[in-house]
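What follows is a single structure, written as structure tokens, with notes after it.
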Ligand code: G4P
């Protein structure tokens, strides 16, 4: 217990995850309505723009649009400070999403009730499960013709390997959607459509067995009541511990676009989701209410605001209190910094921030001093772990169309590489830079951004490589011998060696069997598909 404890306890930091089009943006907007600070006009417009996202180009714009408008939002609700992090829905950006998920304490999963569990949800869920992130489930679009709730519940349990505990249950759907039965409060909240409806104004009928309900909602109510009986017999009681370790997920039904069922989710986040906990660093475990400030950079984004032309490092506060103008140290480089123009993200508006506590996300504008995975402290030599980079699975060569723009290309790629938007490799032999990505769309985004943000048209062409591995040496004879062995390896394979954005040596090969042959020939070299921040 310290004087910071009350501040830590009132924080909730979570991400919304979903397959594209399930309603993440809509739900985010509605959640923001509760903070009272949302600029409704702007956000509705952003969503309308996304409707016409028919081509890949538009998809890029949409992805960018969403992340620009709403990548991090802070709001106050009941006595809590809620930090909401957006995650890119498209699978080609899953690496970025993975890093965002390292910065949250819980996740809200949105499922389109017509489509059930979709591929991207499955993938993101795996990431959450690997980290034991607690997950709340919101089943959306009940105002449409959708799957039966029992079938959905079963699908979520089977596909995602979690026990589902319904907190609400829908009465009817589409035209006959009558509302949700709240199993814990023993009441029904009656649905009324309307995009700009304010929450908290809906009609509530007390008592799930209230005869009024059967009269009013007829067969839909009878069916729901029958299903609830089944669910009560079959589903276990909600167990908070099981939720916190990601084994149980509370499930809510609603319609985001009608702002229906959203407030329950927000209440559940406040009531059930954990406040920031301790975090593992290489040297020790850090408690969130320790007096000294520490934090970790989990996202970098350049040119977020076209009017500002800046590069912002997003940092999650892990402990202590951040105050503007305080003296900080970047542990990796040993450099000092004294950030004065730190920003926070209040409902899509950037605001200058004066102080922040564990769980808060702060944005530090900088010109390259901060890198992904960096730990920042008041002086302590501490390095947080767990921010991974995955070996890319697709490669391209990149050159400038106009040789006079070579400088812009280098600068642009340097920044985009630092953001983690793409991986950039400098070959040991040869001068043409290579790009590595996990998904095709990443190349398109990079080409697009090079052109629009760095005025440099890039020529991106196929490349023979298909597999990348970061390499280190492990001779068992000390660092000097390791370095000699690594250099010997690099020299012997210079035609297929490159350095990445942080100068980590990387082996690039054409086929997996070739990699196996190299591994067999070099027993003292280690080949890594995953690079944790050094
Ligand atoms: P995303 O961020 O997960 O990709 O989804 P987004 O919120 O953009 O929602 C995708 C579409 O689903 C949008 O329609 C949105 O209006 C709609 N939607 C969201 N929640 C609900 C709901 O509860 N019921 C129904 N019926 N639809 C919902 P759109 O046609 O792409 O855009 P727009 O015309 O609504 O702007």
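Please treat every number below as a calculation from the coordinates, not as lab data. Fair warning: this is a prediction, and the values are worked out from it, not measured in the lab. Ideal geometry is used to build each Cβ from the backbone, glycine not excepted, and the neighbour counts take in all protein chains shown.
Okay, here's what the table says:
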{"read-out": "With Cα atoms, 0 to 90° folded angle of helix 479-492 axis to the chain main axis", "value": "80"}
{"read-out": "More than 17 Å apart - percent of Cα-Cα pairs taken over segment 359-442", "value": "60"}
{"read-out": "Extended-chain gain in nm, criterion 0.36 nm per residue less alpha-carbon gap, residue 341 and residue 267", "value": "23.4 nm"}
{"read-out": "Separation between Cα centres of segment 461-490 and segment 249-271, rounded to whole Å", "value": "50"}
{"read-out": "Length gained when the stretch residue 521-residue 453 is fully extended (0.36 nm per residue, less Cα-Cα span)", "value": "20.0 nm"}
{"read-out": "Under the Debye formula (equal points on every Cα, no solvent term), log10 I(q)/I(0) of the chain at q = 0.08 Å⁻¹", "value": "-0.57"}
{"read-out": "Degrees separating the helix 262-272 axis from the principal Cα axis of the chain, which is the longest one", "value": "70"}
{"read-out": "FRET efficiency, residue 185 to residue 514 (Cβ-Cβ, R0 60 Å, nearest 0.05)", "value": "0.45"}
{"read-out": "The chain: angle of helix 406-419 to the longest principal axis, Cα-based, in degrees nearest 10", "value": "50"}
{"read-out": "Scaled radius of gyration (Cα, divided by 2.2 N^0.38 Å) that segment 247-343 gives", "value": "1.47"}
{"read-out": "Rough spin-label spacing in nm, given labels placed 7 Å along Cα→Cβ, for residue 122 and residue 369", "value": "4.6"}
{"read-out": "Kirkwood Rh in Å, taken over segment 178-319 so that all alpha-carbon pairs contribute", "value": "19.4"}
{"read-out": "Overall Cα dimensions of segment 401-534 - principal axes, largest extent first, Å", "value": "50, 29, 26"}
